[in-house]
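Following: one structure in C-alpha cells, then a few remarks.
The values are calculated or read from the model by the stated rules, or taken from the named source; none is laboratory data. Owing to the predicted nature of the structure, the values given are computational and were not obtained by experimental measurement. No Cβ is skipped: glycine too gets one built from the backbone with ideal geometry, and neighbour counts run over all protein chains shown.
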Amino acid sequence: MKTPREVPDGHRFCADCGTVKPLADFPRNRSDSTGYATYCKPCHNLRTRETKQRLYGGNREYHLRRRYGVGEKEFQELLTEQGGVCAICRRPDPEHLDHDHRTGWVRGILCFNCNGGLGQFKDNAEVLARAITYLRGTTWQRVLIHPGVFQMCSPTRGRPPSQRS
C-alpha cells in the first residue's frame, strides 16, 4: 500500500518528474477537482509533443488536421494543383492554408502577405472590390475648370486641389 505524500498547501506533486512544485508550475485544468493538471508544465508540454508526434507525425500535421480537417498530404496535393505558387500573387512556396471563416471550407494556399491581406479585409468581397477600384484609380474624375482645361479630382477624397497651384 502506498504511503501518502507530504505536499504543502499551494503545491502539487508531479507524477512524471516526481517533484513537489508550486501550483503556478502546473497548467490549469477545469475537469480536475483541484483545478490543476496532474503534470507540471514542462512534463505536460513534453507529453503533448510526444503525443502529437506519435499520433500525427508532428505538430504541423496535428494543426492542419485539427483546424482544417486536412493533412500534410492533402496540403501538398492542393499546392501541386496550384502549381506550387500562392493562389493570389503567384509567388513560390506559399505556406498558409486559407479557409472561409463562415463555412470552414478550405479555399487554397496563400503566402503570408496575401493571407494577412484577406484577413485584414475580413473576407469581405465588397470592401475588396472597393479596394480594387481605389487601386485602379477609377474613383478619380476629370473636372472641367476652364474651357479645354481639366483637373483630376476624387469625390471620395475631400476637396479638389487649389486653383492657385
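Quick look at the numbers
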quantity	calculated
Condition check for D98: on the phi > 0 side of the Ramachandran plot and modelled with pLDDT of 90 or more	no
Condition met for T80 (polar (S, T, N, Q), outside the structural domain of R47 (by TED's automatic domain parsing) and modelled with pLDDT of 95 or more)	yes
Residue count, segment 32-49 (criterion: within 28 Å of the chain's Cα centre (by Cα) and not in a helix (DSSP H, G or I))	1
Among (1) free of Cβ contacts under 8 Å to residues at least 24 places away in the same chain; (2) closer than 28 Å to I109 by Cα, the one test that F75 misses	(1)
Unique residue being outside the structural domain of L118 (by TED's automatic domain parsing), assigned to a helix (DSSP H, G or I) and among the basic types (K, R) when the list is K21, K52, K73	K52
